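The values are calculated or read from the model by the stated rules, or taken from the named source; none is laboratory data. Every value quoted in this text rests on a predicted model; they were computed, and no experiment measured them. Heads up, the Cβs are rebuilt from the backbone with ideal geometry, glycines too, and the neighbour counts pull from every protein chain shown. For the accessible areas, the whole protein counts, side chains as well, though only heavy atoms, and no ligand, DNA or RNA atoms are used. Shrake-Rupley method; radii C 1.70, N 1.55, O 1.52, S 1.80 Å.
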Amino acid sequence: MRAVHVASEVFPFSRSGGLGDVLGALPAVQARHGASVTVVSPWYADIRQDVREVWRGELSAPGYPALGEVRLGETEAHGVRHLFVGLPVFDRPGLYHPDDVWRYCQFGRAVGPALEVLGAVPEVLHGHDWQAGLAVAWARLRGIPGVFSIHNLQYQGRWNLHEAAGWTGLPPQAFTAETLEFYGDVSLMKAGLVFASQVTTVSPTYAREILTPEYGEGLQGLLHRLAGEGRLSGILNGLDQERWDPRTDPDIRPYRDLRGKVAAGRALRAEFGLDSAPVLGVVSRLAEQKGMDLLLAALPELVQDWNVVVLGGGDPRLEAGLQEWAGHARVAYAAGMNEPLAHRIYAGADAFAMPSRFEPCGLSQMIAMRYGTLPVVRETGGLVDTVPPNVGFRFGPATPEAFLAACREARAACEDRMDWRARVKRAMALDFSWDGPAGAYLGLYEAVRAAPLTPVAGLA
């Protein structure tokens with residue numbers, strides 16, 4: 001099986017969150033399962049790893065619109081071939097910018113010709129999130145079947161049809177309500193959904209949730225049709241259990257049992273000058289989607305029972321609210337991203353808060369449990385699929401009161417040492433490896449490769 005993943009980020013070369021983590025782990029496991037795997041991502045200016053330029057020139061191929069001069073880079077890691085598409089629009093600091101629809105239209109148009117130039121044309125192309133939607137569309141038009149994974153349906157890559165249609169290079173008949181048009185815009189997320197042979201989400205529960213108006217982001221009608229055709233499924237993300245392993249983690253004092261876990265807790269309390277109360281940890285993007293406004297509203301009561309340690313950045317209002325609390329004896333707040341500190345919080349906290357309004361999968365709860373830190377989560381998406389009731393603590397309504405009730409349940413369990421230790425042991429024994437999901441995707445690739453490509457509605 002020759003498979004190509006297309007994504008906007010891939011760890012360790014580029015990463016802003018869970019998408020990069022998935023692309024850093026899944027392809028390597030698929031390669032260990034015997035597949036020939038390539039990952040294509042943009043060649044960002046910030047990539048510092050050793051990437052060898054292997055081609056430079058006018059990138060065009062029969063059937064594709066010309067793109068002008070492009071640089072192509074290559075490296076290998078863990079049995080995976082990584083290709084990087086260097087376009088002028090990516091020669092700037094950072095990953096994401098306000099003109100991203102324009103930028104990823106160019107990227108999506110470049111993927112196919114780049115693969116042809118470098119002799120890496122796949123049997124199946126697997127696109128991830130809206131940034132890869134156009135690459136899936138172009139692959140389908142070239143007779144290459146696609147799998148498209150929704151990591152977060154809320155972000156859709158939309159821009160007004162008048163401008164964006166020309167950016168895609170696609171023919172005029174591609175911009176109807178049956179194809180890429182979406183309420184007067186072009187939607188690159190919809191491109192992936194319409195042109196892929198199979199669509200997946202990153203957890204089974206999220207696959208069901210997006211069929212509803214509450215979570216479907218206006219696309220629930222199309223998703224219902226895909227589900228009815230047997231083209232929508234949920235495959236739970238795995239976790240890189242080598243990278244996230246308390247027994248070998250270089251950012252903490254490694255441990256393998258409860259005694260080591262207790263020592264990690266003492267170290268975290270000492271680092272932030274906290275008292276002996278249990279620690280509720282948070283490592284998150286600060287956004288309402290993540291329920292961080294619920295956390296902030298609950299803080300006056302939370303600090304009666306917990307020390308609270310928060311690492312993250314995002315919404316300025318939430319950042320400001322946490323800054324105001326940072327002087328409290330039981331609250332510590334560190335702004336931004338800090339990988340070593342994140343590891344210390346996962347290891348040293350007693351419980352871990354994820355009060356998300358929706359969570360397609362989530363990796364933080366898996367990491368926390370691997371480190372023996374018990375999650376307090378809302379019953380949504382991948383949080384339902386990964387946090388057993390006999391390990392963590394779950395709540396339903398997205399309200400501060402419901403979140404507080406789950407935190408009180410966790411605090412009471414913490415007082416019952418036998419119950420708490422049993423939960424911690426069960427948490428650390430859970431298997432979140434990528435082997436199962438990687439095999440499920442390879443099985444899906446085989447099915448897609450074997451099935452005839454049917455005409456896309458409106459483009460027959």
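Here's how it looks for Gly86: its modeled amide H is under 5 Å from those of Trp43, Arg71, Leu72, Gly73, which are all 5 or more places away or on a different chain. The C-alpha atoms of the chain define a longest principal axis, and helix 18-32 lies at about 70 degrees to it.
The stretch between Ala440 and Val456 holds 3.2 nm of extra length on full extension. This uses 0.36 nm per residue minus the Cα-Cα distance.
Of the listed residues His97, His328, His343, His78, the order by accessible area with a 1.4 Å probe, largest first, is His78, His328, His97, His343. Near Val308, the amide H atoms lying under 5 Å from its own belong to Leu280, Val331, Ala332; only residues 5 or more places off or on other chains count, and H is placed 1.01 Å from N. Put simply, the amide H of Arg357, placed in the peptide plane, has neighbours under 5 Å in Lys290, Gly291, leaving out anything fewer than 5 places away on its chain. With R₀ fixed at 30 Å, the C-beta to C-beta distance from Glu324 to Thr399 puts the FRET efficiency at about 0.85. Residue by residue, segment 130-138 carries 3J(HN,Hα) couplings of 4, 4, 9, x, 5, 4, 5, 4, 5 Hz when phi is fed to the Karplus relation 6.51 cos²θ - 1.76 cosθ + 1.60 (θ = phi - 60°); x denotes Gly or Pro.
At 1.4 Å probe size, with the rest of the protein present, what percent of the exposed accessible area of the chain is carbon and sulfur atoms?
Ligands and nucleic acids excluded, carbon and sulfur reach 52 percent.
For the chain, the residue among Ala297, Ala320, Val117 whose Cα projects farthest onto the positive side of the dipole built from Cβ charges is Val117. Candidate cross-link partners of Lys261 among the lysines, defined by an alpha-carbon separation under 20 Å and a same-chain spacing of 8 or more, comprise Lys425. Tilt of helix 339-348 relative to the longest C-alpha principal axis of the chain, in degrees (0 to 90, nearest 10)? Taking the Cα atoms of the chain, the angle to 339-348 is about 40 degrees.
Model label sites at Met418 and Arg92, defined 7 Å from Cα along the beta-carbon direction, differ in position by 6.2 nm. Among 317-325, 151-159, the peptide with the highest mean count of other Cβ atoms within 10 Å heads the list, and the full ranking is 151-159, 317-325. Each label point was placed 7 Å from the Cα along the Cα-to-Cβ direction; for Ala429 and Ala177 their separation is 5.5 nm. Projecting the Cα atoms of Ala429, Gly133, Leu453 onto the charge dipole of the chain, computed from C-beta unit charges around the Cα centre, puts Ala429 farthest toward the positive end.
Rounded to the nearest 10 square angstrom, Ile144 shows an accessible area of 30 square angstrom against a 1.4 Å probe. Shown here for segment 213-311: GluC sites (Glu not before Pro) in loop regions (DSSP other than H, G, I, E, B) with at most 12 other Cβ atoms within 10 Å, namely Glu214, Glu229, Glu242. In terms of the mean number of neighbouring beta-carbon atoms within 10 Å, the peptides 83-94, 247-258, 15-26 order highest first as 15-26, 83-94, 247-258.
Rg then Dmax, both in Å and based on the Cα atoms of segment 256-371: 13.3, 39.
Within segment 279-294, name every residue whose backbone N is under 17 Å away from a label modeled 7 Å from Cα of Ala335 along the Cβ vector. Once the point is set 7 Å along Cα→Cβ of Ala335, 284-287 turn out to lie under 17 Å by backbone N, inside segment 279-294. Compared with the alpha-carbon gap, the fully stretched path from Leu258 to Asp50 is longer by 70.9 nm at 0.36 nm per residue.
In terms of the mean number of neighbouring beta-carbon atoms within 10 Å, the peptides 419-431, 396-408 order highest first as 396-408, 419-431. So, taking all protein chains as they sit and a 1.4 Å probe, how much accessible area belongs to Cys414, in Å² rounded to tens? Per-residue accessible area (Cys414): approximately 30 Å². So how tilted is helix 435-450 from the main axis of the chain? Cα-based, degrees 0 to 90, rounded to 10. Once rounded, the angle reads 20 degrees. Full extension of the chain segment joining Glu74 with Ser36 gains 12.2 nm, where the gain is 0.36 nm per residue of separation less the Cα-Cα distance.
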